[in-house]
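None of the figures in this text is laboratory data; all of them are computed from the coordinates on show. If you're wondering where the values come from, they're calculated on a predicted model, not measured in any experiment. Note: ideal-geometry Cβ built from the backbone for every residue, glycine included; neighbour counts use all protein chains shown.
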Amino acid sequence: MKGTNHGPGDGANGLAMTGEQRFLAACRLEPVDATPVWYMRQAGRGIPEYEAMRDRYGVLGIARTPELAARASVLPVAAYGVDAAVMYADVMLPTGPMGVDFDLTAQGPVLSAPVRSAGDVARLRVYEPDEDLGFAMEAIRIARRELSGKQALIGIAGGPFTLAAYLVEGRATRDQAAARAFMYAEPAAWHDLLGRLAEVGRRYLAAQVRAGAQAIQVFDTWAGVLSPADYEAYVLPHAARLLEGARGVPAIHYVSGGASLVELLVRAGAGIVGVDARVPLAGTWGRLGRGVGIQGNLDGARVLAGREPAEAGARRVLDEAAGRPGHIFNLGHGIVPGTDPALLAHLAAYVHEESARRREAAGAAGGAGATMEVSP
């Protein structure tokens with residue numbers, strides 16, 4: 001198997017690249033020795049040490065303590081054998097210094113005073129994250145030192161629609177009806193709200209990159225409730241402004257149920273589109289073309305179901321990816337609560353080994369340097 005051996009690598013799996021090299025090369029649509037793997041929600045799911053931390057300090061207590069946040073971020077690397085760590089930070093974190101009073105519950109964020117008028121929006125403060133969220137930047141610096149170049153580090157931010165939905169709804173909801181009604185009824189206030197969130201998010205991402213984040217994932221989870229026309233009119237300019245903060249590093253943009261929006265996510269500035277398990281990889285690549293990477297998209301319930309369903313699903317995902325440059329393996333909407341950590345570790349190793357085997361077979365069939373690539 002061909003690879004670039006510039007670091008410690010994953011010798012136990014016979015792989016030549018480090019996780020950091022593998023992940024970042026895939027983000028750049030470059031050849032890799034195996035498909036890189038990480039799991040959304042991996043920082044904070046299924047690891048006993050993390051659960052003990054959460055029970056003692058709470059989610060916000062961990063996020064606001066650099067040493068704890070860094071520890072929660074890097075724990076999954078050893079536990080699951082993934083190629084990248086993702087920073088432990090709830091997407092609501094940047095809204096606190098804006099003047100939003102919220103609590104994190106098992107059902108999601110709950111606000112004491114939702115945003116319901118233009119006056120409420122006008123009171124939201126735009127600030128400098130290096131000052132007000134300095135603890136998050138220090139956590140990134142600590143995590144980078146602990147990873148020592150073996151795995152990549154992904155920074156995060158909430159997408160503008162999702163944050164606006166939480167602020168208007170006051171809690172997590174299924175359809176964001178109150179947020180959408182506000183969007184239609186008060187378009188000027190809506191754009192003011194998303195403009196403030198996007199500007200804070202842009203500064204927040206830029207600060208993360210300066211602190212050492214090597215890639216960014218934007219979670220605009222709930223934007224999938226919008227039609228393409230509404231997304232373009234009410235969200236796209238703000239998403240583009242937010243993603244300006246990720247300049248210089250790869251940007252992954254994820255929307256749950258966002259099959260109809262993928263072209264718009266690319267227009268906003270995403271180099272990699274995250275898709276959930278309902279979105280076909282091959283068809284999406286056919287729409288987007290070769291110049292975009294795709295992250296996804298195994299249904300997390302398959303891992304919950306056991307080894308055989310997880311392996312079968314992983315093979316199907318690799319079949320659809322067909323060796324195209326720019327594929328990052330992930331779970332459709334993250335780790336499902338109750339999933340066996342040992343199965344997550346097995347899955348990461350299986351994807352590495354199976355994808356490496358396929359690359360070797362394609363190289364043997366097509367000559368040195370051949371890739372198993374299928375035109376979209």
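Laid out as a table, the results:
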| item | result |
| --- | --- |
| Amide N proximity, segment 322-338 versus Ala362 label position 7 Å along Cα-to-Cβ, cut-off under 18 Å | 322-330 |
| Separation of the Asp192 and Glu354 label points, Cα + 7 Å toward Cβ, nm | 5.2 |
| Calculated FRET value between Phe135 and Asp175, using beta carbons and R₀ = 25 Å, to 0.05 | 0.15 |
| Quotient of Cα Rg and 2.2 N^0.38 Å for segment 111-246, N being how many residues it contains | 1.12 |
| Cα-based Kirkwood hydrodynamic radius, segment 19-357, one decimal, Å | 19.9 |
| Angle between the chain longest axis and helix 48-63 axis [Cα atoms, degrees, rounded to 10] | 40 |
| Order of Val225, Val168 under a 10 Å beta carbon neighbour criterion, fewest first | Val225, Val168 |
| Candidates Ala89, Ala282, Ala314: whichever shows maximal mean-square fluctuation once the chain is modelled as a Gaussian network with Cα springs under 10 Å | Ala282 |
| Additional length obtainable on full extension of the chain from Ala78 to Arg210, 0.36 nm per residue less Cα span | 45.0 nm |
| Helix 66-80 axis, angle to the chain major axis (alpha carbon atoms, nearest 10°) | 30 |
